[in-house]
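Below is one structure; the comments refer to it alone.
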Amino acid sequence: MCRSIRTLRPPTTPEVTDEDIRAAALQYVRKVSGFRAPAAHNREVFDQAVDTVAAATQELLNGLQIRGPAARHQAQP
């Protein structure tokens, strides 16, 4: 299941959407919890985990510094 999470770091994926981040977070939470879709009594905690992982992923991507040839390629118009 986690094999379907694609790399979101530039320049591998130049334009990452909120949907990309949420899909990756959902796949991660599914893998860790063992549930593809949680039961009603677990839905709130499952959804909160997806939100938390998505926020952490966005923070990670915002903080990464790309160096080397890839960064130079990305900086060119």
- Residue count for region 54-77, restricted to those that are surrounded by 12 or more Cβ atoms within 10 Å (Cβ to Cβ), modelled with pLDDT under 90 and of a type in the set (S, T, N, Q): 0
- Query: What pairs come up if the first residue lies in region 61-76 and is assigned to a loop (DSSP other than H, G, I, E, B), the second is open to solvent by 50 Å² or more (accessible area, probe 1.4 Å) and modelled with pLDDT of 80 or more, and their beta carbons are under 8 Å apart, counting only those six or more places apart or on different chains?
  - Reply: LEU64/ARG9; ILE66/ARG9
- Note on the structure: Looking across region 1-53 at residues that are of a type in the set (Ser, Thr, Tyr) and assigned to a helix (DSSP H, G or I), the single one that is most open to solvent (accessible area, probe 1.4 Å) is TYR28
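The values are calculated or read from the model by the stated rules, or taken from the named source; none is laboratory data. Being a predicted model, the structure only gives us computed values, none of them experimental. Cβ sites come from the backbone with ideal geometry, for glycine too, and all protein chains shown count toward neighbours. Calculation scope for accessible area: heavy atoms of the full protein, side chains included, ligands and nucleic acids excluded. Shrake-Rupley method; radii C 1.70, N 1.55, O 1.52, S 1.80 Å.
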